[in-house]
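The values are calculated or read from the model by the stated rules, or taken from the named source; none is laboratory data. Please read all numbers here as calculations on a predicted model, not as lab measurements. For neighbour counting, all protein chains shown are included, and Cβ atoms are generated from backbone atoms with ideal geometry for every residue, glycine included. To get the accessible areas, we keep the full protein, side chains included, count just its heavy atoms, and leave off ligands, DNA and RNA. Shrake-Rupley method; radii C 1.70, N 1.55, O 1.52, S 1.80 Å.
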Amino acid sequence: MTGRFANIIVDISHEKVDRPFQYRIPEALMGQLEVGMAVMIPFGLGNKRIKGYVMEITDRAEYDEHKLKAVDSIVKDGVSAQSDSMKLAWWIRENYGSTMIAALKTVLPVKKKLKQVVRKTIVCKVDTETAAARAEEFAQKHQNAKARLMQELARQPALPQPLVTGKLNVTGQTIQALEKAELIEVQAEGTYRNVLPENIAVLNSWQKKQLSESQQAIVDSILHDFRADVRRTYLIHGVTGSGKTEVYMELIEQMMVEGRQAIMLIPEIALTYQTLMRFYRRFGDRVSVMNSRLSAGERSDQYERAARGDIDIMIGPRSALFTPFERLGLVIIDEEHENSYKSESMPKYHAREVAGELCRMKNASLVLGSATPSVESYYRAKKGELKLFTLKERLAGGQLPRVYVEDLRSELKSGNRSIFSRRLYGLINDRLKRGEQTILFINRRGYAGFVSCRACGHVMKCPHCDVSLSEHTDRYRNESRLVCHYCGYNTPGVTNCPVCGSKYILGFRAGTQQIEELLHREFPAARVLRMDADTTKSKDSYEQILSQFAHEEADILVGTQMIVKGHDFAKVTLVGILAADMSLHAGDYRAGERTFQLLTQAAGRAGRSTLPGEVVIQTYQPEHYAVVHAANQDYEHFFAEEIAYRDLMMYPPVAHMMAVLVLADNEKAGAMQAQALAEQVRRQFDDKRLVMIGPTEACIGKINDIYRYIFYIKHREYQVLTAVKDVLEQTIHAMQWNTDSVQFDFDPMNQY
């Protein structure tokens with residue numbers, strides 16, 4: 001990289017130096033520095049030489065260049081896991097837009113070195129006979145605590161201090177007295193905080209399963225490429241229950257044989273424990289876990305263990321991707337279609353794309369897996385950018401469940417106003433009589449108050465964006481309006497359906513608690529568990545609810561999307577999806593994809609063992625392609641319809657979209673700032689293929705007294721959008737606006 005100045009980060013663990021410092025690049029080092037490189041620099045009043053990392057090379061001086069100090073030297077062998085992290089942070093900053101500090105804090109999330117846990121051991125300094133004699137001597141003098149400790153040390157010459165102070169009830173004062181008498185010594189050693197469940201060490205021993213022919217073919221193909229020094233991204237499209245996890249574990253084991261390490265990403269914290277159990281049985285203490293529920297000290301310890309090479313496998317959600325492995329060989333992203341892999345805070349990166357860059361840097365392979373792959377990944381696979389594998393059969397040999405689609409319009413016409421269709425009601429009764437279990441799923445994610453007709457199924461949509469309009473009610477005026485959260489189009493609320501004239505047109509509302517209460521009324525003998533945000537607030541609540549259901553302590557489990565992902569219950573033979581339409585019309589161009597994925601994943605919970613399964617999908621739009629293809633478990637035909645729609649409307653992945661969110665504490669200033677940025681794009685990019693939507697007020701126009709304005713830019717080439725982002729960043733800098741006042745989101749996964 002060429003440039004005259006280097007912005008260097010000294011240490012992001014101290015707030016006072018939690019920013020870049022600029023240095024001149026001397027002529028002798030011109031052209032030699034790279035982002036991520038370790039250098040020695042003069043720092044502070046005494047010009048003490050310390051180590052820093054290059055985070056940017058530029059021709060723009062932030063201060064008077066004659067007053068800038070010069071970089072002293074390049075650190076020999078200065079490329080390390082930390083250097084790689086710096087390079088990755090730079091890549092994130094360039095591709096997603098944010099400050100470099102924000103990118104660094106994402107990649108190096110442990111801010112400060114926390115005090116290490118110290119394990120103390122009481123060690124006897126005299127031989128066994130002397131220890132026993134001294135114990136007897138202390139007993140005669142009625143110094144009972146000293147006698148107890150010396151007697152125990154005569155049997156066992158080293159004891160953990162917690163045991164001595166706890167079970168033996170020996171005080172610190174007594175220990176000090178025996179130390180002074182040179183009968184014992186207290187040895188201390190640093191240890192890591194334990195993040196594994198306490199019962200994990202007593203789990204049943206693991207027995208290796210024989211891979212099926214199709215599973216083994218996938219493993220062999222990926223390993224053949226790896227050993228031939230070919231690095232690719234692979235997509236495993238396997239139906240629910242097809243044994244993708246067995247493939248992952250076999251790949252990881254072979255990577256460890258090659259002396260390499262692996263990162264396994266999973267989408268939900270709720271699944272971490274379940275996944276960890278399976279991996280610990282096979283790989284023992286070479287496995288660790290990373291998630292947001294760990295304390296700062298626990299996270300710090302796991303990063304240090306990884307950096308030291310004490311572990312080979314890290315399991316966790318998005319943040320586990322930044323584990324500082326030196327010998328990374330494999331990254332696996334399970335359920336790669338999940339929204340949780342996209343960060344919703346700056347920088348708004350997607351773990352899938354960042355993992356691709358990390359694997360390129362580390363010469364590692366990337367494996368994506370899902371029963372319902374994201375449209376983006378499948379599109380790339382169809383273009384040959386990813387290597388596609390398919391697993392079409394369930395590992396246990398069970399059949400995919402039988403799926404019924406119940407038209408709630410017909411239920412209403414026939415007089416049934418219950419939340420349960422007649423078929424679902426009858427099947428729940430049947431399962432209770434047979435002693436089998438039922439899961440009832442209601443999707444609340446993405447709910448944005450869409451308005452639909454219960455009589456004919458018509459949904460109020462934006463005429464410009466082909467997404468549903470959201471209902472906004474002014475409770476003071478008792479008025480409602482329908483608003484598009486992409487372009488700002490709005491129209492008065494409706495009281496009668498514009499298609500059939502029915503008065504049954506209103507926002508869709510239902511909740512898990514309401515369903516639980518109805519179940520108790522309709523099936524008083526049924527044992528019901530509810531799993532949602534309200535019942536899973538405590539640290540172990542996920543495991544407790546799932547464990548109760550797995551041990552058949554309940555007949556029916558009611559919940560949101562967290563109950564339909566990855567769980568395997570042998571006695572579940574019925575799944576009821578109560579409101580498919582709630583995600584189908586979430587005011588988002590991905591609504592069809594999300595609905596198909598949720599319905600397919602939910603259906604996959606039924607009949608996973610030897611008992612056959614049935615699924616009931618309740619909807620007001622049974623003819624919608626997402627519902628039809630989910631009922632048929634037909635991903636190929638769903639993808640064909642969905643990608644045609646994306647192509648027509650210029651939505652990702654056929655085209656790309658960037659959301660620009662403007663934040664301001666003054667309403668008028670925010671609107672003017674958004675308009676000025678949009679005008680700058682129009683002036684500098686005379687490209688007819690570039691489409692701009694907005695600016696308009698965001699979906700939630702004000703949060704914590706901060707006003708929010710949004711506009712979207714679409715183009716078929718991603719590089720054009722990054723160029724637009726660069727221009728807007730330069731504009732923000734030239735106008736001296738706060739850099740945090742504008743946020744960029746590439747191919748956004750949620751509406752604003």
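Within segment 135-154, the set of residues being in contact (Cβ under 8 Å) with a residue 24 or more places away in the chain and under 51 Å from the mean Cα position of the chain (by Cα) comprises L149, L153.
Given the structure, is L611 out of contact with any helix residue (DSSP H, G or I) (no Cβ under 7 Å at 6 or more places or on another chain) and either without any contact (Cβ under 8 Å) to a residue 24 or more places away in the chain or open to solvent by 20 Å² or more (accessible area, probe 1.4 Å) (or both)? When the stated conditions are applied, L611 passes them. Scanning segment 512-529 for residues that are under 33 Å from the mean Cα position of the chain (by Cα) and open to solvent by 40 Å² or more (accessible area, probe 1.4 Å) yields a count of 4. Residues in segment 591-621 that are among the basic types (K, R) and within 13 Å of V575 (Cβ to Cβ): R605, R608.
Residues that are in contact (Cβ under 8 Å) with a residue 12 or more places away in the chain, over 21 Å from M290 (Cβ atoms) and surrounded by 23 or more Cβ atoms within 10 Å (Cβ to Cβ) do not occur anywhere in segment 348-360. For segment 65-83, the condition holds for at least one residue, the condition being that it is at pLDDT below 90 and acidic (D, E). Residue by residue through segment 191-216, note down the ones that are surrounded by 12 or more Cβ atoms within 10 Å (Cβ to Cβ) and modelled with pLDDT of 85 or more. Across segment 191-216, the qualifying residues are L211, S212, S214, Q215, Q216. When the residues of segment 460-472 are filtered to those that are in contact with a Lys or Arg (Cβ under 9 Å, 6 or more places away or on another chain) and more than 12 Å from P492 (Cβ to Cβ), the one that is modelled with the lowest pLDDT is V467. So, K668, is that one over 30 Å from G576 (Cα atoms), part of a strand (DSSP E or B) and free of Cβ contacts under 8 Å to residues at least 40 places away in the same chain or not? No. Scanning segment 324-337 for residues that are surrounded by 24 or more Cβ atoms within 10 Å (Cβ to Cβ) and at pLDDT below 90 yields a total of 0.
Looking at segment 643-669, which of the residues that are more than 20 Å from I713 (Cβ to Cβ) and out of contact with any helix residue (DSSP H, G or I) (no Cβ under 8 Å at 6 or more places or on another chain) is most open to solvent (accessible area, probe 1.4 Å)? For segment 643-669, the residue satisfying everything is K668. A single member of L294, L321 is closer than 25 Å to Y341 by Cβ and either among the small types (G, A, S) or assigned to a helix (DSSP H, G or I) (or both), and it is L321.
Table: residues versus (1) in contact with a Cys (Cβ under 8 Å, 6 or more places away or on another chain); (2) assigned to a strand (DSSP E or B); (3) open to solvent by 80 Å² or more (accessible area, probe 1.4 Å).
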{"residue": "V681", "(1), (2), (3)": "no, no, no"}
{"residue": "K688", "(1), (2), (3)": "no, no, yes"}
{"residue": "P695", "(1), (2), (3)": "no, yes, no"}
{"residue": "C699", "(1), (2), (3)": "no, yes, no"}
{"residue": "Y709", "(1), (2), (3)": "no, yes, no"}
{"residue": "K714", "(1), (2), (3)": "no, yes, no"}
{"residue": "Q719", "(1), (2), (3)": "no, no, yes"}
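Just to be sure, is V247 free of Cβ contacts under 8 Å to residues at least 24 places away in the same chain and of a type in the set (V, I, T)? No. Annotation: K167 fulfils all but one of (1) open to solvent by 70 Å² or more (accessible area, probe 1.4 Å); (2) in a loop (DSSP other than H, G, I, E, B); (3) in contact with a Leu (Cβ under 8 Å, 6 or more places away or on another chain); the unmet one is (3). Within the bounds of segment 130-146, is there any residue that is closer than 30 Å to G297 by Cα, open to solvent by 50 Å² or more (accessible area, probe 1.4 Å) and not hydroxyl-bearing (S, T, Y)? No, segment 130-146 contains no residue that is closer than 30 Å to G297 by Cα, open to solvent by 50 Å² or more (accessible area, probe 1.4 Å) and not hydroxyl-bearing (S, T, Y).
When A177 is tested against (1) at pLDDT 90 or above; (2) buried (at least 16 other Cβ atoms within 10 Å of the Cβ), just one condition goes unmet, and that condition is (2).
Scanning segment 225-251 for residues that are in a helix (DSSP H, G or I) and over 13 Å from F389 (Cβ atoms) yields F226, R227, T245, E246, M249, E250.
Exactly one residue out of S414, S365 is of a type in the set (S, T, Y) and open to solvent by 10 Å² or more (accessible area, probe 1.4 Å), and it is S414.
Of the residues making up segment 303-313, at least one is acidic (D, E), closer than 24 Å to M86 by Cβ, out of contact with any helix residue (DSSP H, G or I) (no Cβ under 9 Å at 6 or more places or on another chain) and surrounded by fewer than 19 Cβ atoms within 10 Å (Cβ to Cβ).
When you scan segment 31-69, how many residues do you find that are of a type in the set (G, A, S) and either touching a Lys or Arg at 6+ places or on another chain (Cβ under 7 Å) or closer than 24 Å to S98 by Cβ (or both)? Number satisfying all stated conditions: 4. From the list D740, D747, the lone residue that is crowded, with 18+ Cβ neighbours inside 10 Å and among the acidic types (D, E) is D747.
Could you check segment 698-717 and list, in sequence order, the residues that are closer than 10 Å to A664 by Cα and at pLDDT below 85? Passing the criteria: K702, D705. In segment 378-411, the residue that is surrounded by the fewest Cβ atoms within 10 Å (Cβ to Cβ) out of those that are among the charged types (D, E, K, R) and farther than 30 Å from F226 by Cα is R402.
Here the strands (runs of 3 or more DSSP E) wholly within segment 351-434 that include at least 2 residues being acidic (D, E) are 402-407.
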